[in-house]
Amino acid sequence: MRRGGIAIVYGLLLAVPATAATQKPANQDQMLLQADEVDYDVDRHVVRARGHVEIDYGGRIVLADAVTYDQNTDKVSADGHASVMSANGDVVFANHVDLTDHMRDGVMQGFAALIGKSGRIVGNTAQREAGVETTVYNAAYTPCKICRERGDTTPLWSVKAYRIFYDEAHHRIKFKDATLKLGGVPIFYTPYYSTPDPTVKHTTGILTPELGSSSSIGYYVKLPIYIAFSDSEDATITPFATTKGGDVLEGEYRQRWNDGGMWLQASGGLNPHGGLSGNVEQGYGHLFGSGDWQATNTWRTGYDVQLTNNDTYLKRYDISELDRLVSDLFLEGIYGQSRLGLSTYFFEGLRATDNSEVIPFALPLIQYSYIPNHKVLSGELRVDFSSVALFREQATPELPDADERITTEVNYKLPYVTDNGQLFTLQADVRSDVYHVGRFTDGNLDESRFVTRALPYVGFDWRWPFASGSGDHAFVIQPIVQAIWAPYGGNPASIPNEDTSDIEFGDQDVFSFNRLPGYDIVETGPRANVGVQADAYFPGGSVETQIGEILRPKPDPIFAADTGLGGTTSDIVGRMSIKFLPYIDLTHRVDIDGNDGSLRRNEVYLTGIFGRSTVQVSYLRVEAIPSEALPTREEVNAQATIGVFDHWELFAAGRRDLEANQMLDSEFGLGYEDECLGIALAFRERYTQDRDLPPSSAVLLRFSFKSGDQPFDPFDLFPKDIFSRP
């Protein structure tokens, strides 16, 4: 039988009796064949198809110029631009293909395979077995995209091997006698190697090592071992070996579930060259982590932990730059706009000036806020309750061993907008505090007293925005006046100041009825906050400005003259923000001394993005505040990433203390990154000494070969099953 043009033939029509060993369910025996020309030998049960041949058999598709199908042996032979697509989407190309077992198994000549989006295997010959196992001989593999441009057909990195075994069921690619090539140049040989295919998101294996050299710990190497327990649970164990700083073992565990997740990071190290003398054996350790669990729609609980047993350990081994650690355990319930929170806090100071014995811990902290979902007398009502108990190992002349506070506050806001656009807001607030202050010596209570106070105020906020503009331009100017009445006093000397010791005055709180961050110290007496806000909006960005100050009938005694809040007039604070995203983001903040016009505080933050290049610069100058024992501080911080060529970039960063005229730290280097390779070489230097941690310099080398962004399997380094087969 011979047909010209398009022909469709079904396996059921062509079927002949099959042996018991080869029989399949009827729905798997059905074959769809389509071609320009088909010959069918009825006597021999052989089909020959030519011209744009396509066979669909059980979800596996064969395309070729010519195909022969022998029904007696269930053998399909394809020639000329042959390709086979598996049910999972992988595609195999070959010059000649012989397939059996319903096109599941076979032998291919001139083999090439596409795995996932970019993985490729090529070889002289290939044998496919069990429908999911392919062995390729004299082969090469790469996960990198190969450009079609002339002169750019060599993948950035690849593996050439005598034999490559691809297990589709377990998504593993294994190599025998493998040579790793970078840019076509051999750089490493291994008798065995294994990697997940590019479709795998995560799998157990060894991650790319990190190499470096530091003047404080010597030469070092990190070898992370990644363990994937499941799609939602994994761990990483990192041995960290150094020549001068001893050895460290780092570990990280992560798990996510439907209602939350957790993360823990821990390490332990032994350094025989510790201490100021460099010959003291020291043991180090740290524990970081967080967790969150949504128990119900209303309640959630969790923790945060930051602990270490050595003040300089985290910086010495580049684990963290934190110098104040906070650990907490919390329970939170949210219903509508209301919230109840119970938590405990533990603080650890790592600065040279920190004394752990006088840093308190909170056990417990209770916070409750009630905000009705409806208006109350056309306004907004809020009721807050707060209670905390603080304990410390050692009392100071200003702070007791233990004290407790209970605070209740009721706040009411009533906004009103006039017909000509003026916005009035009336705010009334009343707060009461009860303190229990104790002082202990050798475990005995020497003194215990209760202190109470009541703090009412009434505030009035007036704003009148004026807007103009045309088309896509708009300009808005808005004067702001806030008048607050409150009685004088309210800060008894018997109340310990635990949470309001660091007072910073700036544009972010100039228009606030209660600008102090804590509960223990309060701003009292009548006052007015006055200023203006002006904004301009353009198609590509905006310019926003704000300036304001505080006026008082007489000074508030809690503010010293050098804080910017003393006297009858405060400093003038302002902010200007220029944003033309994604190119320019500039913010400038100033604190101007109202007496002589000098800058008491000057801050500039600039971010510029130009294509692949980014520049970030910040400048800060704060004049000394003798009343708070704060010296003058002037510092500049800059970092830049400059994109050069296609995938290369230069990066540099530095921080300098302008007041002391010395560098604090710096870093610069060169990096490369594309879809299958990342390399970074950096030089880092720290110029200051922190107790037993002297100034240091370091060279770091990080690189990663990307194969679906996953590691190879360490347990397959020396396999006995796959490559031992004949």
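The values are calculated or read from the model by the stated rules, or taken from the named source; none is laboratory data. This is a predicted model, so every value here is computed, not measured. Backbone-built Cβ (ideal geometry, glycine too); neighbour counts: all protein chains shown. With ligands, DNA and RNA removed, areas are computed over all heavy atoms of the protein, side chains included. Shrake-Rupley method; radii C 1.70, N 1.55, O 1.52, S 1.80 Å.
Is it the case, given these coordinates, that LEU99 is part of a strand (DSSP E or B), under 21 Å from GLU675 (Cα atoms) and either aliphatic (A, V, I, L, M) or free of Cβ contacts under 8 Å to residues at least 60 places away in the same chain (or both)? Spelling it out, it is not the case that LEU99 is part of a strand (DSSP E or B), under 21 Å from GLU675 (Cα atoms) and either aliphatic (A, V, I, L, M) or free of Cβ contacts under 8 Å to residues at least 60 places away in the same chain (or both).
The set of residues from segment 366-383 being part of a strand (DSSP E or B) and open to solvent by 30 Å² or more (accessible area, probe 1.4 Å) comprises ILE366, GLN367, TYR368, TYR370, VAL376, GLU380, LEU381, ARG382, VAL383. The residue list VAL16, VAL9 contains one member that is part of a loop (DSSP other than H, G, I, E, B) and modelled with pLDDT under 90, which is VAL16. Taken over segment 43-66, the criterion of being of a type in the set (Gly, Ala, Ser), in a strand (DSSP E or B) and surrounded by fewer than 19 Cβ atoms within 10 Å (Cβ to Cβ) is satisfied by GLY51, ALA66. Listed by position, the strands (runs of 3 or more DSSP E) contained in segment 564-665 that have at least 3 residues being more than 22 Å from GLY506 (Cβ to Cβ) are 599-610, 613-622, 633-644, 648-657.
Conditions tested, residue by residue: (1) within 25 Å of ASP499 (Cβ to Cβ); (2) in contact with a strand residue (DSSP E or B) (Cβ under 7 Å, 6 or more places away or on another chain); (3) at pLDDT below 95; (4) of a type in the set (S, T, N, Q).
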{"residue": "ASN297", "(1), (2), (3), (4)": "no, no, yes, yes"}
{"residue": "ARG316", "(1), (2), (3), (4)": "no, yes, yes, no"}
{"residue": "LEU340", "(1), (2), (3), (4)": "yes, yes, no, no"}
{"residue": "GLU357", "(1), (2), (3), (4)": "yes, no, yes, no"}
{"residue": "ALA362", "(1), (2), (3), (4)": "yes, yes, yes, no"}
{"residue": "TYR370", "(1), (2), (3), (4)": "yes, yes, no, no"}
{"residue": "HIS374", "(1), (2), (3), (4)": "no, no, yes, no"}
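Within segment 98-123, track down each residue that is over 24 Å from MET31 (Cα atoms) and under 44 Å from the mean Cα position of the chain (by Cα). Those that are over 24 Å from MET31 (Cα atoms) and under 44 Å from the mean Cα position of the chain (by Cα): PHE111, ALA112, LEU114, ILE115, GLY116, LYS117, SER118, GLY119, ARG120, ILE121, VAL122, GLY123. Can we say ARG163 is at pLDDT below 90, closer than 27 Å to LEU99 by Cβ and touching a strand residue (DSSP E or B) at 6+ places or on another chain (Cβ under 8 Å)? In short, no. Do you know which of the residues in segment 594-622 that are under 18 Å from THR563 (Cβ atoms) and open to solvent by 60 Å² or more (accessible area, probe 1.4 Å) is modelled with the lowest pLDDT? Step by step, filter segment 594-622, then rank; the result is ASN595. For segment 179-210, a residue qualifies if it is assigned to a strand (DSSP E or B), of a type outside the set (D, E, K, R) and either surrounded by 14 or more Cβ atoms within 10 Å (Cβ to Cβ) or touching a Cys at 6+ places or on another chain (Cβ under 9 Å) (or both), and the qualifying residues are THR179, LEU180, LEU182, THR190, TYR192, TYR193, SER194, THR195, PRO196, GLY205, ILE206. Within segment 39-62, the set of residues being at positive phi and touching an Asp or Glu at 6+ places or on another chain (Cβ under 9 Å) comprises HIS45, GLY51, HIS52, GLY58. Of all the criteria given as (1) surrounded by fewer than 15 Cβ atoms within 10 Å (Cβ to Cβ); (2) outside any strand (DSSP E or B), the one not satisfied by ILE334 is (2).
Within segment 538-593, track down each residue that is in contact with a Pro (Cβ under 7 Å, 6 or more places away or on another chain) and surrounded by fewer than 16 Cβ atoms within 10 Å (Cβ to Cβ). Within segment 538-593, PRO553, THR568 meet the criteria.
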